[in-house]
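Only one structure is covered here, and it is reproduced in the block below.
Read-outs throughout are calculated quantities, based only on the coordinates presented, and are distinct from any laboratory measurement. Everything quoted here is computed from the prediction, not taken from an experiment. Positions of Cβ are generated from backbone atoms using ideal geometry, with glycine treated the same way; all protein chains shown enter the neighbour counts.
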Amino acid sequence: MAFDVIIIGGSYSGMAAALQLLRARRQVLIVEAEQRRNRFSSHSQGFLTQDGVDPGEIARRAREQLSRYETLNWIDGTAERAEGMRGSFKVTLAGGHEAEGSRLLFATGVSDTLPQVEGLVERWGRSVFQCPYCDGYELMQGNLGVIATGPDSLHQAQFLPEWGKVTLMTNGILELSSDERSALAKRGVEIEERSIRRVEGEADVRLSDGRLRTFAGLFTTSRCRPATPVAEQLGCELEETPFGSQIKTDLQKETTVAGAFACGDVARVPHSVSLAVGDGAWAGTHVHRSLVI
C-alpha cells in the first residue's frame with residue numbers, strides 16, 4: 001500500500017509528528033532503527049510531566065499510545081535509501097523491503113562526535129553531559145568540569161556556575177585572551193591549562209602532570225550531524241550550526257526537497273526531549289497541511 005506519510009525515525013519527534021497525522025486519520029508508516037540519542041541516559045530531566053523518568057520508558061509509553069490508532073504502521077528497521085518527489089516517494093529498507101508515500105518526514109536524530117579524550121565516550125550521557133538544563137540540577141552544586149572543544153566552551157563555562165563550582169580545562173585547544181580570563185573570573189570559573197590524559201572513575205580527570213581532578217560531572221560540546229545520510233542522498237541541503245550540521249528546513253519544517261520534511265534534533269538547535277517533541281508536533285501539523293492544501 002502507499003502511505004500518506006513515511007516517517008524515518010520513531011523517537012520523540014517522529015512519534016510526536018505521527019500523533020498529529022494519526023489524529024487526522026492519515027495512513028502513517030514509522031521506520032525506527034532503535035538508536036535513540038539518549039539511550040545511554042537513565043533519566044530524562046526537564047520534560048514537563050516526565051521529569052526524572054527513564055527516557056526509554058517515555059518512548060515505550062508513546063509507542064503504546066500511538067498503537068491505539070488504526071492507521072499506524074510500524075517497521076523496526078533501517079531506511080537505507082529515499083528517492084522520488086512530492087506525491088511519490090519510495091523508501092528502501094535494509095533487507096530490500098520498499099515503501100511508498102506521498103510525503104516524507106526525517107526524524108532520524110543526530111550522531112555525536114566527542115573530543116578525543118580517553119574514557120570520555122564511555123561516560124557520555126552518564127557522567128559527561130552537554131546540556132545543564134537536562135543534567136545540571138542532579139549534580140547537586142558540586143564541582144563541575146568543562147572540557148574545551150573550541151570557542152563555544154568559553155560560553156559553556158560562563159553559563160554553568162548556576163549549577164556548581166566550575167573549572168574550564170582548556171586541554172591545549174582553547175587559548176584565552178585577557179578579557180576572556182577576566183570574564184571567567186567574574187563568574188568564579190577556575191582555569192586549568194594542563195592537558196588531559198584521560199577520564200577515570202565517574203568523572204575524574206587525570207592531567208598530563210599526573211594530578212587527578214575530581215568532579216561531580218563533566219560537560220563538553222559534541223559536534224553533531226544527521227544520524228543517517230538518507231536525507232542528503234535524497235538531495236536535502238544541510239546547514240551549519242554552532243553544534244554541527246543539520247537538515248535545512250523552512251518555518252513549516254519542509255526541507256529543500258518539496259514534500260520532504262524534517263524535525264527534532266536533526267533539524268533544530270538546541271536539543272532536548274521536550275524541544276524535540278514540540279518540533280515534531282509542529283512538523284506533523286504542517287505535513288498534514290501540505291496533504292490538504
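Structure above, values below:
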{"read-out": "Residue-averaged 222 nm ellipticity for the chain, from DSSP H runs of 4+ at -39500 (n - 2.57), nearest 500", "value": "-7000 deg cm²/dmol"}
{"read-out": "Rounded to the nearest 20 debye, dipole of region 25-165 from Cβ charges on Lys, Arg, Asp, Glu", "value": "420"}
{"read-out": "Cα-based equivalent ellipsoid of the chain: semi-axis lengths in Å, sorted from largest, via gyration tensor", "value": "40, 19, 16"}
{"read-out": "Residue (of Thr249, Phe219, Leu238) at the positive-pole extreme of region 219-260, dipole from beta-carbon charges", "value": "Phe219"}
{"read-out": "Charge sum, other residues only, whose C-beta stays under 12 Å from Phe3's C-beta, Lys/Arg counted +1 and Asp/Glu -1", "value": "0"}
{"read-out": "Charge tally in the Cβ shell below 13 Å around Ala283, where Lys, Arg are +1 and Asp, Glu are -1, Ala283 excluded", "value": "0"}
{"read-out": "Theoretical gain in end-to-end length, Arg81 to Arg68 [0.36 nm per residue, Cα-Cα removed]", "value": "1.8 nm"}
{"read-out": "Magnitude of the charge dipole, the chain, Cβ model with Lys/Arg +1 and Asp/Glu -1, debye to 20", "value": "440"}
{"read-out": "Centroid-to-centroid separation of region 91-108 and region 24-83 [C-alpha atoms, Å]", "value": "16"}
{"read-out": "Total formal charge among the other residues, if their Cβ is under 10 angstrom from that of Phe215, Lys/Arg +1 and Asp/Glu -1", "value": "0"}
{"read-out": "Region 193-293: translational diffusion in µm²/s, Stokes-Einstein, Kirkwood Rh over Cα pairs, 10 °C, 1.306 mPa s", "value": "98"}
{"read-out": "Dipole moment magnitude, nearest 20 debye, region 115-219 about Cα centre, only Lys, Arg, Asp, Glu C-beta charged", "value": "180"}
{"read-out": "Beta bridges by DSSP in the chain, antiparallel share as percent, to the nearest 5", "value": "45"}
{"read-out": "Cα-projected label distance for Cys131 with Ser88, points at 7 Å along beta-carbon direction, nm", "value": "4.0"}
{"read-out": "At least 20 Å along the helix axis (C-alpha) and Kyte average at least -1.0, DSSP helices within the chain", "value": "273-292"}
{"read-out": "Along principal axes, Cα extents of region 115-219, largest first, whole Å", "value": "35, 31, 20"}
